Structures are given as structure tokens and as C-alpha cells.
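The values are calculated or read from the model by the stated rules, or taken from the named source; none is laboratory data. Everything numeric in this text was worked out from a predicted model, so none of it was measured. Cβ placement follows ideal geometry from the backbone for every residue including glycine, while neighbour counts extend to all protein chains displayed.
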Amino acid sequence: MTHADSTVRRDHAAIWDFASRANASMASMWDPVVERAVADLGVDRTTLVMLSFLLAKEPHAMSLADFAQLSAYSAPTFFTERLARATGVGHSSHEPSVGWRLTTPGRQRMMRLHADIATAIAGADPLAPSDSSRLAEHLQVLVDASLATPAPPTPRMSWYMHRLIVAGDAPLARVVRALVCLDAYRSDAHQDAWRASGLSATAIEVLTALWRRPGSLAQVCEQLAVRGHPYEVYAVALGDLRRRDLVVGSDEVLELTSAGTELRSELEVSTDRLFFAPWECIGAEAGAELDGLLRLLNFEGL
């Protein structure tokens, strides 16, 4: 990589830092809408996301394998238990040989939820309409370039987000839709990066947990409990990491080896390389304007 290339990558990373901060901050705009939906529909927030995926996949059903492609880190029961609850209260239906679909009432409820989210966002725009529109245009260029880039990464989560998240034509709704899609594309890039290592999803999660903070296997399992895997699954993953000389120590005191630290750091570099490759479509002038608008968005009330 040349010095000029390195500088461009740093510029892109700085822009994405502001973009991801804005994306996280804007969630507060629609949190009250989602909380009402959780109470009204009788499911948790994660299930609402899964029902949104069903909406995005229409007219086709979604199989368990489809859900697993979106979150390779989770146990099958993570999906099936939530979908069983959604089916039990009438939001979805299930055909064992086909998969899950929204019922007609479930579709209407999800369409209403997304319309309500778009309305909440449109009414909370801290920018001038012209600024929001320009920001949306710049971000959409990046979305289009990302989804048009040949794999890797393979669009998984980003495909669904591009089809679905945040209806409406208000400028800030288009900004949110683009940011959510780009965030999903980064998740796709990360998944392709770690798959190339030959490690399983559970092994990668153990490696990442210890990369962030050394600890015991029990502590790692507690951190990852939301995934739905039992202790034994992570014990097997740990065994694989030990055989590859990526982790050392007893189950009570675990840490990465130098090889483990190097591998996990390389995954971040590979993720960045895949994620930012399509960003070459934006020139210096457009990049500077995008950076300025994102900074303005972050500092104007988010």
C-alpha cells in the first residue's frame, strides 16, 4: 500500500467513525416506537428484527439456514424459540419443509411499525433539509457501490437491510437507511474475514472475548450467553483454539498467545480492507463534504 493509499484509508476510517457514532445515537429516535411495539405485540426486540427479516424476504419464506447466515454466532434455538413465540401469537406461520412467513396480520403490524419508525425519524432531523439531503445522497453512493462490489464480502445482512430498514422519503430517513445498510455491510465483511481463518463462529467469539479481556471460560460463556449455546460448545471451541496455539492457560485463567493476538488483529485489518474497498468511488471533494456533514449531524443534537 502506498502512502497515498494509506492516507485515503485513514480518511475513510475517520469518516466511518463519525458515521457509526451517528448511527448509534439516532437509535434513540425510534426507541419509544420499538418499546411500544414490544408491549403491543408481545415479543422481544430481537424477535421484531427477525419479523422484519421475514418482511424483507417476501414473497419467499425464510429457513433456519437463512437466519443462521445472518447470525452465524447464535444457536439454532436462538431463532426457533423466538419464531415459535411469534407464530404462537399470530405474527408468523411455519411450514417445516419451507420455513417461516409473516401472516397477513403480522405483515400489517410490521409495515405499521416501520412506518411509525420513519415518522419518528422524520420529525427529529437536527439538520437543515438541504444538508440532510446531501448527506443521504453521499451515503447512498457508498451503499450502491458496496452492494455492487463482487464478493467478498457476500451481502448477507446488508441485502436484508437494503430491502427493508426505514421506509419513507424524508431526508433523515434516507440517511438512517443508508447508515444501517453500511453497518450491515461491515458485519458481512467481518464475517467473510473470519471465515477465511478456518475457525468456527463460536471459536471466533471466544477468541474475540479474550482479545478484549483475558479471563476464564466461565466468564466468556457468561458474556456470550445471549447466543444460546451451552457451556460445552464453547469448551469445544476453546479446545480448537488451544490446538492452533492461539490461546493458553487453564480454563480459569485464559489469554491469547502472540499468534492469537496477531490473528485477531489481522481480522480487523481484513474487515477494513473488504469494507472500505468500495469507498474508492468517492473523491476527495465528496469525501470532505461527507465528513463535514457527518460531523454536523453528530454535533447538532444527536
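Output the residue which, of all residues in the range 256-285 that are of a type in the set (Gly, Ala, Ser) and at pLDDT 95 or above, is farthest from residue 217 (Cα to Cα).
Taking the range 256-285 as the starting set, the residues that turn out to be of a type in the set (Gly, Ala, Ser) are 258-260, 265, 270, 277, 283-284.
When the remaining residues are screened for being at pLDDT 95 or above, the result is 258-260, 265, 270, 277.
Details: 258: 19, 259: 19, 260: 16, 265: 21, 270: 27, 277: 36 Å.
Applying the filter and picking the extreme gives 277.
Pull out all pairs, ordered by first then second residue, where Cβ-Cβ is under 7 Å, the residues are six or more apart or on different chains, the first lies in the range 262-286 and is under 17 Å from residue 150 (Cβ atoms), and the second is among the polar types (S, T, N, Q) and surrounded by 13 or more Cβ atoms within 10 Å (Cβ to Cβ).
So the pair list comes out as 277/149; 278/146; 278/149.
Output the residue which, of all residues in the range 76-130 that are modelled with pLDDT under 95 and of a type in the set (Asp, Glu), is surrounded by the fewest Cβ atoms within 10 Å (Cβ to Cβ).
116
Does the range 223-255 hold any residues that are more than 19 Å from residue 79 (Cα to Cα) and either of a type in the set (D, E, K, R) or modelled with pLDDT under 95 (or both), and which are they?
Selection gives 232, 240, 242, 243, 244, 245, 251, 252, 255.
Just for the range 216-237: of the residues that are in a helix (DSSP H, G or I) and of a type in the set (Gly, Ala, Ser), which one is nearest to residue 81 (Cα to Cα)?
Checked the range 216-237; the qualifying residue nearest to residue 81 (Cα to Cα) is 225.
In the range 116-174, what residues are of a type in the set (Lys, Arg) and either over 20 Å from residue 294 (Cβ atoms) or assigned to a loop (DSSP other than H, G, I, E, B) (or both)?
Within the range 116-174, 156, 163 meet the criteria.
Which of the residues spanning the range 1-47 are more than 26 Å from residue 132 (Cβ to Cβ) and at pLDDT 95 or above?
Matches in the range 1-47: 38, 39, 40, 41, 42, 43, 44, 45, 46, 47.
Go through (1) buried (at least 16 other Cβ atoms within 10 Å of the Cβ); (2) closer than 21 Å to residue 28 by Cα; (3) aliphatic (A, V, I, L, M) and name the single condition residue 70 misses.
(2)
Are any residues in the range 133-152 aliphatic (A, V, I, L, M) and under 19 Å from residue 286 (Cα atoms), and if so, which ones?
Those that are aliphatic (A, V, I, L, M) and under 19 Å from residue 286 (Cα atoms): 135, 136, 139, 141, 142, 143, 145.
Within the range 40-57, is there a residue that is assigned to a helix (DSSP H, G or I) and of a type in the set (Asp, Glu)?
yes
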